[in-house]
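Worksheet: one structure, shown below.
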Amino acid sequence: MTNWQEAAEGQKKNYLADLTNIMKIASVRDDNAATDEFPLGPMPAKALQAFLAMAEKDGFRTKNIDNLVGYAEWGEGNETLAILAHLDVMPAGKGWNTDPFQPVIKDGNIYGRGASDDKGPGMACYYALKYLKDHGVHFNKKVRFIVGTDEESNWTGMHRYFEVEPAPTLGFSPDAEFPVINGEKGQASLKLTVPAGNGDGINLKSFQSGLRFNMVPREAVAVLEYADAAQIKMDLEKFLADNPVKGSVEEDNGNVTVTIIGKAAHGMEPEKGINAGTYLATFLNQYPFEGGAAHFIEFLAKYLHLDTRMETFDGAFRDDVMGEMTMNAGILNFTAEDGGHIDMNFRFPKGITPDQIQQIVQPVADQLQIKVEQGPSQKPHFVPADDPLVQTLMKAYVDQSGDQDAEPEVVGGGTYGRLMKRGVAFGALMPNTPNTMHQANEYQPVADLIKSMAIYMQAINDLVTD
């Protein structure tokens, strides 16, 4: 019997070298730089091209589909096992102790954007597949290692793949946590539009917070006109003493800028972050704003602040199998000229629909003259625990980790696994490792990544051999 842990350790040097090269590519989707050649901007395509060049050099059959998605393929058979990873990353944001795109290994951890989501796990899984190919394992299925380039936004690349390529039989995505994620909550977004305008007194010139709908905003900045800077500084000192955020006040040419620093987190677990945007709104709510500015601040401060379960709206919902509905206020922007825009992102279990979620928010929004529209949505996804795919993956995890108490889980995150009827998420975050996805100083323990490679080796081997 192959010692998979020993086999993975033997790949460590080359794995870290290739992972470092991929992590150096700042593969953030950039619609402002999009062209016909690079529909998502040049950097996601650069990461895709680099990965496919590596895979081709390693002996895989490869294909690049419109610089949106690509795959490395090995094996033959009537069935196709798909492994779905992604090469795009979230914007770095602020608060890093190192350059987010110059990965470093310190104290046994590799730091950099993508270390945990999803370049580190994806490359560990790729190296597991490569090991099996290089050591002559006979595949009874075709295996496609498919890499998308905008998982963190609209899944344009992976949707294109499923439009133009045959659907796989089964598969998994190394883009979550161990042991096995056999259920994923649905996702829905509400796009709220607040009218522009201020009153005759203190004015909200601008308010900016949030980079993506699926990140808890770490930073929020408001620019005020006709404000008493000295008074605001004193008020902020009192506010900071009573709340878990940092902040500052600056005055320049009659404008007062207030900044609040919280803590970023993945939007699927918003309670683990500190939403700088709602904290800033709560601070500003003590001042006599008027018009659209007042409605914007009130909605954030009164209804969204410290509420990730919709309790303020009397809309909390849970399912016994899939758990609670969660809400992340991810993008919170306002200008005096254009008004406000709020993005509420929901992770919901079976038993509730996006229409019903909108109905929960609508009465409050109507009171504040806020327009509500639905954004894209995804239904909840579930694969039974007794499915042979789940059973095989669970066995590989238990065998290699020794975690005899492990059980399949349901999470709020959305992975490519949901694109397949028999698709799940499988690693690579270990149960006791902090989740730093979407945060500053994202990292993954190198030992965890090597352990995950061993798990993937056994799992893929058991799925493709007789």
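Between the amide H of VAL424 and those of GLY171, PHE172, SER173, distances stay under 5 Å, these residues lying 5 or more places away or on another chain, with hydrogens modeled in the peptide plane. The residue among VAL216, PRO349, PRO121 whose Cα reaches farthest toward the positive pole of the charge dipole of the chain, with charges on the beta-carbon of Lys, Arg, Asp and Glu, is PRO121.
Assign one of three labels to the range 187-377, namely rounded, prolate or oblate, based on the Cα gyration tensor with a ≥ b ≥ c the square roots of its eigenvalues; rounded applies when a/c is under 1.5, prolate when it is not and a/b is larger than b/c, and oblate otherwise. Prolate, since a/c reaches 1.5 and a/b exceeds b/c. Is the C-alpha gyration tensor of the chain telling us rounded, prolate or oblate? Criteria: a/c under 1.5 is rounded; beyond that, a/b larger than b/c is prolate, otherwise oblate. Prolate, because a/c is 1.5 or more and a/b exceeds b/c.
Which of the three applies to the range 1-156, rounded, prolate or oblate, going by the alpha-carbon gyration tensor with a ≥ b ≥ c and a/c under 1.5 meaning rounded? In terms of gyration-tensor shape, oblate.
Residues VAL372, VAL361, ranked from the fewest to the most other C-beta atoms within 10 Å, line up as VAL372, VAL361. With Cα atoms defining each centre, the range 89-167 and the range 270-289 are spaced 35 Å apart in the structure. A crude spin-label estimate for the pair GLU407 and ALA385, with each label 7 Å from Cα along the Cβ direction, gives 0.5 nm. You can think of it this way: the chain between LYS191 and GLU9 has 60.8 nm of extra reach, that is 0.36 nm per residue less the Cα-Cα gap. Listing HIS138, HIS159, HIS266 from fewest to most neighbouring C-beta atoms within 10 Å gives HIS138, HIS159, HIS266.
Per-residue 3J(HN,Hα) values for the range 374-383, derived from phi via the Karplus relation 6.51 cos²θ - 1.76 cosθ + 1.60 with θ = phi - 60°, read 8, x, x, 9, 9, 6, x, 10, 8, 10 Hz in sequence order (x marks Gly and Pro). Spacing of the modelled spin labels on ASP30 and ALA167, each 7 Å from Cα toward Cβ, amounts to 3.7 nm. Approximating the spin labels as points 7 Å out from Cα along Cα→Cβ, the GLU37-to-GLU76 distance works out to 3.7 nm. Near the amide H of ARG29, within less than 5 Å, lie the amide hydrogens of VAL89, all on another chain or at least 5 residues away, with H placed in the peptide plane.
Between ALA241 and LYS94, the C-beta separation translates, for a Förster distance of 22 Å, into a calculated FRET efficiency of about 0.40. For ASN109, the amide hydrogen comes within under 5 Å of the amide hydrogens of VAL446, counting only partners 5 or more places away or on other chains and with H modelled in the peptide plane. Karplus-based coupling profile of the range 268-276, in residue order and whole Hz: 6, 10, x, 5, 8, x, 10, 6, 4, with θ = phi - 60° in 6.51 cos²θ - 1.76 cosθ + 1.60 and x standing for Gly or Pro. Can you tell me what share of the DSSP beta bridges in the range 70-213 is antiparallel? A percent to the nearest 5 is fine. Around 45 percent of the beta bridges assigned by DSSP in the range 70-213 are antiparallel ones.
In order along the range 151-156, phi translates into HN-Hα couplings of 5, 7, 10, 10, 6, 4 Hz, rounded to whole numbers, per the Karplus curve 6.51 cos²θ - 1.76 cosθ + 1.60 with θ = phi - 60° and x for Gly and Pro. Applying 1/(1 + (r/R0)^6) with r as the Cβ-Cβ distance of MET234 and THR312 and R0 = 30 angstrom yields a FRET efficiency of 0.55.
A full extension of the chain between HIS135 and ASN255 corresponds to an added length of 36.6 nm, given 0.36 nm per residue minus the alpha carbon distance. Residues ILE232, ILE83, arranged from fewest to most other Cβ atoms within 10 angstrom of their Cβ, appear as ILE232, ILE83.
Think of the chain as having a plus end and a minus end, set by charges on the Cβ of Lys, Arg, Asp and Glu; of SER377, MET394, VAL143, VAL143 sits farthest toward the positive end of this dipole. Here's the picture: a label point sits 7 Å out from the Cα of ASN21 along the beta-carbon direction, and within the range 57-81 the residues with their amide nitrogen under 15 Å of it are 57-60.
Throughout, read-outs are computed from the coordinates displayed, never taken from laboratory work. Here the structure is a predicted model, which is why all the values come from computation and not from measurement. Positions of Cβ are backbone-derived with ideal geometry, glycine not excepted, and every protein chain shown enters the neighbour counts.
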